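Chemist: Sharing a structure here in structure tokens format.
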Amino acid sequence: MFGHTRRTLVVQSTLGTRLNPALYSEYLRKEHERYQRRKEYGSIKLVHDMTNREKRHARKSWRQRKQRQKEKQTSLNRHLNDTPPPTPNTFVSDEYNTRSGRKRAACYREVDKLKIKLQSNRARLIGIGSN
């Protein structure tokens, strides 16, 4: 589990929890208790306990974090909008196959007729050239 932060591990473990309302409410209760303990020990500094300079610094970091979040969301939406819609599952009907087969056969017949015409024209030209 190297390279994982506590936050990513918590998110991964709560993915299944969010689907179950009872487990999710228990998770929220535990997180609230954890927050209260951290607040008591002083691990978390509340805004009204900060100096003006610390407030400015905290708010600046919050703004930057929110801006990054919005950029990620817009890029995700842009990516989703750029992808083409899925191709519908349509099957080729037998009528289409027979129609295209008839067209193909007609083309072959026409090519054969043109070949015969070309041969007769060549023979006629050869006959004219020898006279």
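Chemist: Since residue 93 meets every condition but one in (1) at pLDDT 95 or above; (2) loosely packed, with under 10 Cβ neighbours inside 10 Å, which condition does it not meet?
Modeler: (1)
Chemist: Show the residue pairs that are 6+ apart or on different chains and have beta-carbon atoms under 8 Å apart, the first residue being within the range 106-131 and among the β-branched types (Val, Ile, Thr) and surrounded by 10 or more Cβ atoms within 10 Å (Cβ to Cβ), the second being at pLDDT below 85 and not in a helix (DSSP H, G or I).
Modeler: If the second residue must be at pLDDT below 85 and not in a helix (DSSP H, G or I), no pairs are left.
Here is a yes/no grid of residues against (1) small (Gly, Ala, Ser); (2) surrounded by 10 or more Cβ atoms within 10 Å (Cβ to Cβ); (3) modelled with pLDDT of 90 or more; (4) in contact with a Gly (Cβ under 7 Å, 6 or more places away or on another chain):
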{"residue": "9", "(1), (2), (3), (4)": "no, yes, no, no"}
{"residue": "12", "(1), (2), (3), (4)": "no, yes, no, no"}
{"residue": "17", "(1), (2), (3), (4)": "no, yes, no, no"}
{"residue": "37", "(1), (2), (3), (4)": "no, yes, yes, no"}
{"residue": "41", "(1), (2), (3), (4)": "no, no, yes, no"}
{"residue": "59", "(1), (2), (3), (4)": "no, yes, yes, no"}
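Chemist: Could you grab me the full set of residues in the range 61-74 that are of a type in the set (Val, Ile, Thr) and modelled with pLDDT of 95 or more?
Modeler: Keep residues of the range 61-74 that are of a type in the set (Val, Ile, Thr), which gives 74.
Answer for the range 61-74, where residues must be of a type in the set (Val, Ile, Thr) and modelled with pLDDT of 95 or more: there is none.
Chemist: Since residue 22 meets every condition but one in (1) part of a helix (DSSP H, G or I); (2) at pLDDT below 90; (3) surrounded by 11 or more Cβ atoms within 10 Å (Cβ to Cβ), which condition does it not meet?
Modeler: Going through (1) part of a helix (DSSP H, G or I); (2) at pLDDT below 90; (3) surrounded by 11 or more Cβ atoms within 10 Å (Cβ to Cβ) one by one, residue 22 breaks only (3).
The values are calculated or read from the model by the stated rules, or taken from the named source; none is laboratory data. Here the structure is a predicted model, which means the values were calculated and not measured. A quick note on method: Cβ atoms are made from the backbone with ideal geometry, for glycine too, and the neighbour counts reach across all protein chains shown.
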